[in-house]
Every structure is written in C-alpha cells, then in structure tokens.
Amino acid sequence: MSPHVLSVASEAVPLVKTGGLADVVGALPAALAAQGVRLTTLLPGYPAVIAAAKRAKVMHSFDALLGEPARLLSATLNGHPLLILDAPAYFARDGGPYGDASGKDWPDNWRRFAAFGRAAADLAAGQVKGLAFDLIHAHDWQAGMALAYLRFASPKGAVIPPSVMTIHNMAFQGYFPANVFSKLGLPKKAWALDGVESYGGVGFLKAGMEAASAITTVSPTYAREIREAEFGMGLEGLIQSREGRVRGIVNGIDTIEWNPATDPHIAKTYTPKTLSKRTANKRALEAEFELDRDDGPLFIVISRLTWQKGMDVLVETIDHLVGIGGRLALLGSGDATIAEALHQAAQRHPGKVGIRIGYDEALSHRMQAGGDAILVPSRFEPCGLTQLYGLAYGCVPVVARTGGLADTIIDANLAALDAGAATGIQFTGVTYAPLADAISRAVHLYRDRSLWTAMQRNGMTADFSWARSGTAYANLYKDLTAT
Ligand code: ADP
C-alpha cells in the first residue's frame with residue numbers, strides 16, 4: 001500500500017517563502033502524488049497562511065502547546081491536503097516567518113518551532129482523531145524537534161512512524177542556549193550527546209538528525225561535502241556516523257510555474273526552437289533596469305545578498321565584468337553592506353549595472369527570460385534553484401563548482417563542447433580570480449552565437465522536473481515503511 005506521509009515545514013509556495021525550501025515543500029505533494037504517495041503538509045499559521053485558507057475546517061484543538069492554546073486547521077495547498085497550526089501566540093505576527101520586519105530574529109523562535117514540532121509529533125503518532133500517517137518527513141531545523149518529541153516524548157503505546165530529516169541548508173541549525181531545554185517538555189534523557197544537546201546548547205536540526213530513520217540533503221555532492229568540517233558546520237561528525245543513512249536527492253523545479261513557453265510574467269514566450277523571441281525579453285529587461293542596449297552579454301543575479309552566496313566576491317568582479325563588455329542586472333535582498341556596495345557599482349557604471357534591492361517573484365521570471373547568463377558564485381550551495389531556472393529559460397548558468405551547482409551544470413570544457421553536452425560554466429574557488437575568469441569565459445563563448453545557442457538548448461531540454469526526484473523520495477519512503 002502507498003504510504004501517507006506528513007511533510008512538516010515552515011515554508012511552502014505559494015503561501016510563504018524566504019528561499020528554496022518553500023519551492024521544494026510546495027512542489028513535493030504533486031511530485032509524490034505522481035508516484036502514488038499521498039502527502040499532507042503541515043505549516044505554521046502565519047497570517048498569510050491563515051488568510052489563504054478561508055474555508056479551513058478545525059480538525060483539533062490543543063489545550064496547550066508549550067503553554068499556549070492552538071488549533072489544527074485543514075485546508076489545501078495547490079490542491080493537496082494541508083494542515084495549519086493556528087497558534088496566534090506564536091505565529092500571528094507582522095514581519096517574516098522568523099523575524100520582525102527589520103529582519104531581526106524573534107527571540108522566542110525556539111518556543112515557536114518547538115511548539116510546531118510538538119504538534120507535528122502528536123499528529124505523526126496518531127494522537128489526532130481522523131488522521132493517520134505512515135511516515136513523517138521533517139524539513140530543516142524548524143521541523144527538527146518533531147522527531148525529537150516523537151523519540152523522547154510520545155504518549156505511551158503510540159506507534160512511532162519512520163522518519164526522514166531533510167537538510168536544505170546545514171548553515172541554519174536552530175541552535176539555542178542550554179536554558180531553553182527545561183522548557184521544552186522533554187525528559188532529562190533527551191539532554192544527551194545523541195539527543196538534543198549540541199555544543200552545550202540545544203540544536204533543533206541536530207535533534208532531528210539524531211532521531212531520524214534517514215537523513216537526506218538536496219544534492220549528492222552536498223551530501224558528501226557535509227562530511228567535511230568546511231561544510232558540515234560542526235555536524236560533520238554526526239553525518240559521518242550516520243553515513244549509510246544519508247542520501248542526496250537533487251531538487252526538481254516546478255515546470256508549470258517555470259516554463260518560458262507559457263510564463264505569464266514575461267514579455268514574450270518562447271521555446272528551444274524559437275529562441276530568437278528571447279530578444280524581446282532582453283530588450284524589456286534592459287529598459288526595466290535602465291541599461292544600454294549593446295551586443296554584449298547581459299548577466300543577471302537573483303540571490304540573497306549573503307556571504308554564502310558569494311555576493312561580496314561578486315561585488316569585487318563588477319568592474320571586470322563591465323570592462324570586458326558585460327552588463328549586469330541584479331535582484332537581491334539581505335546584507336545592507338553588500339547592497340550599498342552594489343549601489344555604488346551601479347553609480348560607477350550607469351547604463352551597465354542595474355540593481356533592485358527587494359524580493360520580487362515576477363521580476364525574477366522576467367530576468368531569467370531576458371538575461372543571457374546567470375551568475376551563481378556560492379561558497380556552498382546545498383542544491384540551488386536559480387541555476388535550474390536559468391537552464392529552463394536559456395539563461396546560461398555560470399556557477400561555483402560546489403554542492404548542487406556541481407551536480408546540475410555541465411561545464412563548457414573542450415570535451416563537453418565537442419560532445420555538444422555543455423550547459424554552463426563552472427569555476428572552482430569563490431575568490432576574485434576564478435570568478436573573473438569564468439565571467440571572461442562567458443563573454444568569450446557568448447560571441448560564438450551557434451555555440452551559445454547550443455548551450456542554451458542543451459539546458460532547456462535537460463530534465464529537471466520533479467519526476468526523477470519524486471521517484472527518489474517515493475523509493476525512500478517505501479524502503480522505510482516496508483521495514
Ligand atoms: P536559497 O534557498 O539558499 O536562498 P535557492 O537557489 O535554493 O537558494 O532558492 C532561492 C529561491 O528564491 C529561488 O526560487 C529564487 O528565484 C528566489 N529568490 C531569491 N532571491 C530573490 C529575490 N530577491 N526576489 C525574488 N526571488 C528571489
């Protein structure tokens with residue numbers, strides 16, 4: 001029989017998104033339905049989620065989740081079952097899912113997501129009438145405590161289902177001071193090296209990893225990299241000790257949302273056979289970013305402005321990019337110092353560099369459709385989605401050779417060019433020289449129109465739909481529920 005899976009996460013498109021996690025969680029139900037797996041998603045009841053679930057039904061009331069009342073609402077997410085934890089004391093706040101409007105983390109995040117985990121554990125252990133699950137799939141630290149509660153604080157006699165902990169980014173571990181432990185409602189034995197304790201504090205992701213039947217991350221290369229201190233962020237030892245249970249499954253993309261042949265956000269739709277129509281999108285993008293029209297490549301960046309994403313190094317290479325005939329359109333939000341340096345670069349290079357600070361989904365589509373190449377100079381990248389959207393839109397990815405970027409882009413080296421297999425450009429080491437060199441290679445390759453067009457077509461016809469990754473998750477669920 002196909003398993004019924006409870007997918008627990010703090011974000012899902014189209015309701016709430018701060019990054020790739022939301023794309024994946026939003027896409028999983030359909031990807032798994034195609035495999036005959038039923039997946040119900042549990043989300044926190046942020047205002048946007050509650051507002052979108054107008055006809056939600058109350059399924060259950062919790063008297064107290066870590067001291068606060070809460071209700072479980074039933075609704076739908078992209079036509080698939082959705083459960084919402086309506087706990088106003090924790091989630092009815094203006095600002096983002098993890099912090100206030102200025103980006104400062106909520107001081108009680110430990111309590112908000114412990115309560116969320118507690119509710120998820122009750123659900124998975126069959127404590128809510130009318131709902132039964134064969135497996136629980138927790139995403140990132142915000143859901144990690146669900147597995148710890150199941151392991152250490154399940155009601156007597158409850159059947160604990162197998163579990164998957166997916167790490168979308170090892171850099172975010174949900175690490176809190178030791179004094180929160182006594183308020184979590186866990187037994188003393190949970191405070192252990194192989195429990196929730198982590199470097200003298202409480203680690204929500206670590207607690208989930210310790211309790212999980214299987215651990216996955218979002219690309220095979222990242223799954224290998226996190227065994228090393230440079231990428232494991234202190235949890236490399238744990239990954240090494242669980243090696244046999246760690247898998248890397250590359251994210252797919254939503255090919256309905258991200259399809260240049262039907263995209264309602266872009267000036268002109270196109271296919272691999274009608275690539276010349278892209279020009280209309282490029283012209284529109286130049287106008288939108290007030291860039292000169294010329295025949296050099298238009299580079300784009302869509303990114304969080306952070307150290308992880310190598311945005312500091314990108315800033316250093318802008319003069320070089322412009323100097324060799326490139327232009328740059330960048331959309332991003334995050335670090336204020338990086339944003340200021342980008343604005344300065346735009347002032348230095350009027351008509352050549354355009355910057356938009358903020359978060360704008362529709363603009364990100366227009367950029368993929370109008371840009372010639374997308375730069376992704378991440379220092380580490382668990383999977384990365386923007387390079388996949390770049391492939392789908394014929395916006396050639398120029399990426400650092402790490403994590404999912406290494407797994408999804410075929411570098412335009414001589415062998416790949418000869419074989420007609422190249423889809424982008426990779427470079428090793430996120431410092432000025434390798435990135436500047438990769439940008440030079442892109443400018444050079446761009447001048448060979450037939451070669452560039454072939455690279456665009458290779459990317460556009462590659463399969464990054466959820467079909468393959470959906471099968472991999474379905475197989476994992478089936479392996480775990482069969483035992
Ligand atoms: P991460 O989750 O680490 O930020 P990913 O590449 O996995 O990186 O996913 C980022 C997602 O967020 C992509 O869908 C990308 O298009 C989107 N994105 C990032 N920054 C912006 C922005 N400023 N405006 C619109 N979309 C953005």
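Structural remarks
- Pro47 being away from the ligand (no atom under 16 Å from the Cβ) and either modelled with pLDDT of 95 or more or acidic (Asp, Glu) (or both): yes
- The condition of being among the aliphatic types (A, V, I, L, M) and either surrounded by 22 or more Cβ atoms within 10 Å (Cβ to Cβ) or not assigned by TED's automatic domain parsing to the domain that holds Leu83 (or both) holds for only one of Ala211, Ala229, Ala178, Ala153, that being Ala211.
- Filter result (in a helix (DSSP H, G or I), crowded, with 24+ Cβ neighbours inside 10 Å and touching a Leu at 6+ places or on another chain (Cβ under 6 Å)) within segment 81-115: Ala114, Ala115
- For segment 198-225, filtering for residues that are over 14 Å from Ala114 (Cα atoms) and part of a helix (DSSP H, G or I) leaves 9.
- Pick from segment 361-371, criterion at pLDDT 95 or above and surrounded by fewer than 24 Cβ atoms within 10 Å (Cβ to Cβ), ranking: nearest to the ligand (Cβ to nearest atom): Ser364
- Meets criteria (of a type outside the set (Ser, Thr, Tyr), in contact with a Pro (Cβ under 9 Å, 6 or more places away or on another chain) and within 30 Å of Arg278 (Cβ to Cβ)) for Val250: yes
- Subset of segment 313-339 [more than 16 Å from the ligand (Cβ to nearest atom), assigned to a helix (DSSP H, G or I) and open to solvent by 40 Å² or more (accessible area, probe 1.4 Å)]: Glu316, Asp319, His320, Gly323, Thr337
- The helices (runs of 4 or more DSSP H) located wholly in segment 396-483 that include 2 or more residues which are among the charged types (D, E, K, R) occupy 432-447, 449-461, 466-482.
- Considering residues of segment 261-286 that are β-branched (Val, Ile, Thr) and open to solvent by 40 Å² or more (accessible area, probe 1.4 Å) only, the residue farthest from Leu363 (Cα to Cα): Thr274
- Considering segment 287-312, the residues that are small (Gly, Ala, Ser) and within 16 Å of the ligand (Cβ to nearest atom) include one that is least open to solvent (accessible area, probe 1.4 Å), namely Gly310.
- Test result for Thr216, of a type outside the set (Asp, Glu) and surrounded by 24 or more Cβ atoms within 10 Å (Cβ to Cβ): no
- Complete set of residues in segment 1-22 that are closer than 16 Å to Ile167 by Cβ, under 11 Å from the mean Cα position of the chain (by Cα) and either in a strand (DSSP E or B) or charged (D, E, K, R) (or both): Glu11
The values are calculated or read from the model by the stated rules, or taken from the named source; none is laboratory data. Predicted, not measured: the structure shown is a model, and the values here were computed from it. Please note: Cβ atoms are built from the backbone with ideal geometry, for glycine as well, and neighbour counts cover all protein chains shown. Ligands, DNA and RNA are excluded from the accessible area calculation, which covers all protein heavy atoms including side chains. Shrake-Rupley method; radii C 1.70, N 1.55, O 1.52, S 1.80 Å.
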